[in-house]
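Step one of this worksheet: look at the structure below.
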Amino acid sequence: MSRYGAWVGGAIGWALGGPIGGLLGFAFGKMFTDESFSSSTNTPSFQSTNPHRRQTGAGDFAAALLVLSAAVMKADDKVMRSELDFVKQFLKRNFGNEQAEQLVQMLKQMLQQPISVREVAEQIRFNMEHPKRMLLLQYLYGIAKADGHIHTQEIEIIRRIAKWLDISEPDRKSIEEMFSTQTMDPYKVLEISSDASDAEVKKAYRKLAVKFHPDKVMDLGEQHKKQAKNRFLALQEAYERIKKERNFK
């Protein structure tokens, strides 16, 4: 249990409570025989254990991503080997080889269990800062597009998760547009209509550039800041395309 226990003990805070903690406890209980550790993660629901929002650490974010990833992967009632392989590579790129190995083993256990997605999402909403919730949603869309196509059931569950995470419809649509199989609509990315004035375009870009700035998640680590930067670059690309089309500076 050494390296798994060290990661959890040193990096996870609020995620050890509520429904997420229960799922983590089950996963670890399956992999290890240390009953004291398994039972310690099955704490009461977040309503009673988290009266105030606490800072989201890298471990909390990873735990939230892991549980919601399992929910999205199970959305179409089947988990493809290619999908699991993609998620494994995805986790390696974003968390490093050692932590990805840990997460994949836990993910396999979670895929065998029913997940109360709404309760999990509400625990995350209660504890996680808004910029990090938006980054979490971005990760889910990336996983859903693992095979090059986002299936209807996956889209539906991600949209419900966004609602339970208290992410606004304009923000959700803007993030979803990044993963469109068609050409990205720059107006949707900037959360405006195509008849918006040049001044409104500029205002929308500046507002979203502040909202989605990578520095808002920098405490999660460099790998997450890199993903947030991808979102930031999509905003810039959308803005530049509109400027070019309209020929304004």
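Points worth noting:
- Single residue of the stretch 12-66 satisfying the filter (at pLDDT below 65, touching a helix residue (DSSP H, G or I) at 6+ places or on another chain (Cβ under 9 Å) and of a type in the set (V, I, T)) that is farthest from A144 (Cα to Cα): T49
- Taking (1) surrounded by 15 or more Cβ atoms within 10 Å (Cβ to Cβ); (2) farther than 19 Å from K145 by Cα in turn, A209 satisfies each apart from (1).
- Search result, residues across the stretch 168-188 that are crowded, with 21+ Cβ neighbours inside 10 Å and within 14 Å of the chain's Cα centre (by Cα): I175
- Of the residues making up the stretch 107-136, those that are without any contact (Cβ under 8 Å) to a residue 40 or more places away in the chain and under 27 Å from A209 (Cβ atoms) are H130, R133.
- Just one residue in the set K203, K211 is among the basic types (K, R) and within 14 Å of I175 (Cβ to Cβ); that residue is K211.
- Among the residues listed as E119, E191, the single one being buried (at least 20 other Cβ atoms within 10 Å of the Cβ), of a type in the set (D, E) and at pLDDT 90 or above: E191
- Neighbours by Cβ (under 8 Å, 6+ apart or cross-chain): first from the stretch 62-81, farther than 17 Å from Q109 by Cβ; second in a helix (DSSP H, G or I): A75/Q153; A75/E154; A75/E156; A75/I157; D76/Q153; D76/E154; D77/Q153
- Tally of residues being over 16 Å from the mean Cα position of the chain (by Cα) and under 14 Å from G22 (Cα atoms) across the stretch 116-147: 1
- Check on M73, modelled with pLDDT of 80 or more, among the hydrophobic types (A, V, I, L, M, F, W, C) and either in contact with a Cys (Cβ under 8 Å, 6 or more places away or on another chain) or assigned by TED's automatic domain parsing to the domain that holds W14 (or both): yes
The values are calculated or read from the model by the stated rules, or taken from the named source; none is laboratory data. What you see is a predicted model, and the numbers here were worked out from it, not measured in a lab. Because the Cβ atoms are built from the backbone with ideal geometry, glycine has one as well, and the counts that use them run over all protein chains shown.
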